[in-house]
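The values are calculated or read from the model by the stated rules, or taken from the named source; none is laboratory data. Only a predicted model underlies this, so the values are computations on that prediction, with no experimental measurement involved. All Cβ positions, glycine included, derive from the backbone under ideal geometry; neighbour counts span all protein chains shown.
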Amino acid sequence: MTSSTTAIPSTRYTYTEKKDTRSGFGAGLLEAGRQNENVVALCADLTGSLKMDAFKKEFPHRFFQVGIAEANMMGIAAGLTIGGKIPFTGTFANFSTGRVYDQIRQSIAYSHKNVKICASHAGLTLGEDGATHQILEDMGMMKMLPGMTVIVPCDYNQTRAATLALVNHYGPAYLRFGRPAWPVFTEPDRPFVIGKADVMIEGTDVTIIACGHMVWHAIEAEAMLRATGIQAEVINLHTIKPIDTEAILQSAEKTGCVVTCEEHQVNGGLGESVAHVLCRHYPAPVEMVAVNDSFGESGTPTQLLRKYGLAPENIVDAVKKVLGRKK
């Protein structure tokens, strides 16, 4: 099988700085505005939190502050596409999806409008703001909408690159990113291809597939496993939809078993998408590292990831479990 992935050298990753992925969105949005005059931005009273200040300052006539009116923001964005604009909406992930699902479905997805729904503060790592502001169901909600592209980049550089890639991608898209400072471990000039997974580390014993913040935890888990003689392949599946079926199958056929990792409910997320591919084409044992049918709570990002079973050690445990199931 010919790989559709983009290979990265099989080495242990390191980082020299931590930056929040929402800042990667802000940087990408500014560059997108400079590259294409049709790019416009809308925000629901969270300009600073979404790091949209630089775009607002440089392009004040292409920035729309709609206030705390997320449903209106989605309708305005849909309307702007009729005149050829490329709108990027910005607010917290909870307000970008759960609060406005009807407007997204009816005004954007159903009409296949070219709106980029950009969602910060996703998952547990929103942290101290607690369960009412965290959302762990959004990837599932958005991937079920016909024609909706769903992207969950892993660090600052990849979030910036994903934002830029969306300018030239026609159709509705959901870009999910986060609040906390996180390791920056991908190259700043690395091309981002929507729908094409990145093989971060090559291995032969087990496939670990992760997205978002969990890619770094998967890399940490790989180092722990390698010290015990287990060769894990780590794949950054940054595009949840359209999913890279070829990359999943190529790796699973080599290793024979898979562990998925996501900062999302176990129901409806990355793990279910991967399992769907495998059950149709190459049945193999799968273990899923995700939130197990629970709401979050207040705490630091690290505390919450550990409490809800999303730490590197949990990935190691899942690998050992799936290896025991491999024939």
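For the reader, a short list of remarks on this structure follows.
- Subset of region 185-202 [surrounded by 22 or more Cβ atoms within 10 Å (Cβ to Cβ) and either assigned by TED's automatic domain parsing to the domain that holds THR81 or not aliphatic (A, V, I, L, M) (or both)]: THR186, PHE192, ASP198
- Residues located in region 93-122, provided they are buried (at least 17 other Cβ atoms within 10 Å of the Cβ), among the hydroxyl-bearing types (Ser, Thr, Tyr) and farther than 21 Å from SER298 by Cα: TYR101, SER107
- Cβ-Cβ under 9 Å pairs, at least 6 apart or on other chains, region 308-327 side without any contact (Cβ under 8 Å) to a residue 12 or more places away in the chain, far side of a type in the set (Val, Ile, Thr) and assigned to a helix (DSSP H, G or I): none
- Residues in region 123-171 that are surrounded by fewer than 23 Cβ atoms within 10 Å (Cβ to Cβ), modelled with pLDDT of 95 or more and among the charged types (D, E, K, R): GLU137, LYS143.
- Residue match in region 319-326 (condition: in a loop (DSSP other than H, G, I, E, B) and farther than 28 Å from PHE177 by Cβ): yes
- Criterion: touching a residue at least 24 places away in the same chain (Cβ under 8 Å), among the β-branched types (Val, Ile, Thr) and in contact with a Ser or Thr (Cβ under 9 Å, 6 or more places away or on another chain) - qualifying residue of THR47, THR91: THR91
- Scanning region 283-309 for residues that are under 22 Å from LYS143 (Cα atoms) and not polar (S, T, N, Q) yields VAL286, GLU287, MET288, VAL289, ALA290, VAL291, ASP293, PHE295, GLY296.
- Flag for ILE151 being among the β-branched types (Val, Ile, Thr), outside the structural domain of ASP244 (by TED's automatic domain parsing) and out of contact with any strand residue (DSSP E or B) (no Cβ under 6 Å at 6 or more places or on another chain): no
- Residue that is surrounded by the fewest Cβ atoms within 10 Å (Cβ to Cβ) [pool: residues in region 255-283 that are in a loop (DSSP other than H, G, I, E, B) and in contact with a strand residue (DSSP E or B) (Cβ under 6 Å, 6 or more places away or on another chain)]: VAL266
- Every pair of residues 6+ apart whose Cβ atoms lie under 6 Å, when the first sits in region 247-260 and is farther than 18 Å from HIS217 by Cβ and assigned by TED's automatic domain parsing to the domain that holds ILE219 while the second is modelled with pLDDT under 95 and of a type outside the set (Asp, Glu): ALA247/SER4; ALA247/THR5; GLN250/MET1; GLN250/SER3; GLY256/LYS326; CYS257/LYS326
- Only one of LYS241, LYS326 that is among the basic types (Lys, Arg) and surrounded by fewer than 16 Cβ atoms within 10 Å (Cβ to Cβ): LYS326
- Residues (touching a strand residue (DSSP E or B) at 6+ places or on another chain (Cβ under 7 Å) and either part of a loop (DSSP other than H, G, I, E, B) or of a type outside the set (Asp, Glu) (or both)) located in region 284-296: ALA284, VAL286, MET288, VAL289, ALA290, VAL291, ASP293
- The combined condition, being in contact with a His (Cβ under 6 Å, 6 or more places away or on another chain), among the charged types (D, E, K, R) and surrounded by 22 or more Cβ atoms within 10 Å (Cβ to Cβ), is not fulfilled by GLU233.
- Residue tally, condition under 13 Å from the mean Cα position of the chain (by Cα), in a strand (DSSP E or B) and more than 18 Å from THR14 (Cβ to Cβ), over region 208-219: 1
- Failed item, numbered, when GLU222 is tested on (1) surrounded by fewer than 21 Cβ atoms within 10 Å (Cβ to Cβ); (2) at pLDDT 95 or above; (3) more than 12 Å from the chain's Cα centre (by Cα): (1)
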